[in-house]
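Report on the following structure.
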Amino acid sequence: MPSETTTPMLRSLTDGGIRTILADNPGRLNAYTRDMWESLPKLVREAEADPEVRVIVLRGAGTKAFSAGADISEFEGNRTGAEARRYDEINHEAFEAVGRATKPTIAMVYGYCFGGGCELAMCCDMRWVSDDAVFSIPAAKLSIGYNPRWIRPMLSVVSAAKAKEMLFTGRRYGAREAQAMGIANAVVASADLEAETRKVALEMAANARLSIRAAKEAVDEFAMNPENPDFARLDRFVEACFESEDYAEGRRAFMEKRKPAFRGR
Ligand code: COA
């Protein structure tokens, strides 16, 4: 497919309207290099622009790790001194690209989900998690100053008390604990994770895109701007639903007792 990009360690694959972005740095538990952070926004933009893509799934290659975070082996060269700020900017652009995607995003998490990997997963709309997954933000163990901009996505997933606990202790949380904290939407056996994630992705892909967009914009607006949400903007997304061909199709399909064939407009 022409819209897909392949960089050596970050690949896009599409199947049945689901775009998977796969981090592949196997010798380092799919840790993200600076190049990978830099490439990620482009891959997300491509997924956004491709009308065939209905849902975006992020994952790591294999079943050992979603990602062990930023590639620490590069830090000496590009995350010290003045370079540290630039690194953070690049890293932040990657999180923003995922966090601001208008299509549904799912982190499919096998194994280790650490540091920047954990943040990336929290920037997704939801997380489908294998029962052997382990989450941790060990920034305090490396004396990394955690960028305050990254706390907001965290706080849309876990409580302030849990965010503090995660950041102050750098502790590791298993899949069930992560589910109790709100990180994991679902925990499934590792062998079933791909099928279960695909199932939920297809469920969303079959629904009306504009309805999902309106809901996503509203949930995100309340997280970003709880005191003064822009209802006028949110109302426009709802109006777009009522004016859409899909709404007419949804009504017709209901009356004709068949599945609707939505076209995303
Ligand atoms: N950056 C670079 N390399 C990493 C990495 C990272 N974030 N995480 C793991 N690796 C490398 C290890 O150095 C090791 O390489 P080696 O085989 O050449 O020695 C390889 O990946 C396997 O990791 P290892 O530590 O042997 O696996 P483990 O199962 O014993 O432990 C972790 C897994 C995730 C607990 C451990 O690797 C770890 O703590 N990683 C760092 C996580 C982190 O602090 N991330 C935040 C970065 S901001």
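The values are calculated or read from the model by the stated rules, or taken from the named source; none is laboratory data. Everything numeric in this text was worked out from a predicted model, so none of it was measured. Positions of Cβ are backbone-derived with ideal geometry, glycine not excepted, and every protein chain shown enters the neighbour counts. For accessibility, only protein heavy atoms count, side chains too; no ligands or nucleic acids. Shrake-Rupley method; radii C 1.70, N 1.55, O 1.52, S 1.80 Å.
Results, tabulated for the structure shown:
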quantity: Test: residue in region 240-255 that is farther than 23 Å from GLU48 by Cα, assigned to a helix (DSSP H, G or I) and in contact (Cβ under 8 Å) with a residue 12 or more places away in the chain; calculated: yes
quantity: Residue check, ALA97 surrounded by fewer than 23 Cβ atoms within 10 Å (Cβ to Cβ) and more than 12 Å from the ligand (Cβ to nearest atom); calculated: yes
quantity: Residue satisfying all of: in region 223-233; hydrophobic (A, V, I, L, M, F, W, C) and surrounded by 12 or more Cβ atoms within 10 Å (Cβ to Cβ); farthest from ASP125 (Cα to Cα) among these; calculated: MET224
quantity: Positions within region 10-39 being within 16 Å of the ligand (Cβ to nearest atom) and either open to solvent by less than 60 Å² (accessible area, probe 1.4 Å) or touching a Pro at 6+ places or on another chain (Cβ under 7 Å) (or both), in sequence order; calculated: LEU10, ALA23, ASP24, ASN25, LEU29, ASN30, ALA31, TYR32, THR33, ARG34, MET36, TRP37
quantity: Selected residue (criterion: surrounded by the most Cβ atoms within 10 Å (Cβ to Cβ)) from residues of region 151-208 that are free of Cβ contacts under 8 Å to residues at least 12 places away in the same chain and closer than 30 Å to SER244 by Cβ; calculated: LYS199
quantity: Which listed residue, of ARG236, ARG263, ARG251, is exposed (fewer than 12 other Cβ atoms within 10 Å of the Cβ) and over 21 Å from ALA97 (Cα atoms); calculated: ARG251
quantity: Residue count, region 60-84 (criterion: surrounded by fewer than 24 Cβ atoms within 10 Å (Cβ to Cβ) and under 29 Å from ALA205 (Cα atoms)); calculated: 4
quantity: Cβ-Cβ under 9 Å pairs, at least 6 apart or on other chains, region 65-86 side in a loop (DSSP other than H, G, I, E, B) and of a type outside the set (Val, Ile, Thr), far side open to solvent by 70 Å² or more (accessible area, probe 1.4 Å) and near the ligand (Cβ under 8 Å from one of its atoms); calculated: ALA68/ARG28; ALA68/TYR112; GLY69/TYR112; ASP71/ARG28; ARG79/ILE72
quantity: Of all residues in region 43-64 being in a helix (DSSP H, G or I) and either touching a residue at least 40 places away in the same chain (Cβ under 8 Å) or among the aromatic types (Phe, Trp, Tyr) (or both), the one that is nearest to the ligand (Cβ to nearest atom); calculated: VAL44
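A quick yes/no check of all residues on (1) of a type in the set (D, E, K, R); (2) in contact with a Ser or Thr (Cβ under 8 Å, 6 or more places away or on another chain):
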residue	(1), (2)
THR20	no, yes
PRO26	no, no
THR33	no, no
MET36	no, yes
SER39	no, yes
VAL44	no, no
ARG54	yes, no
ARG59	yes, yes
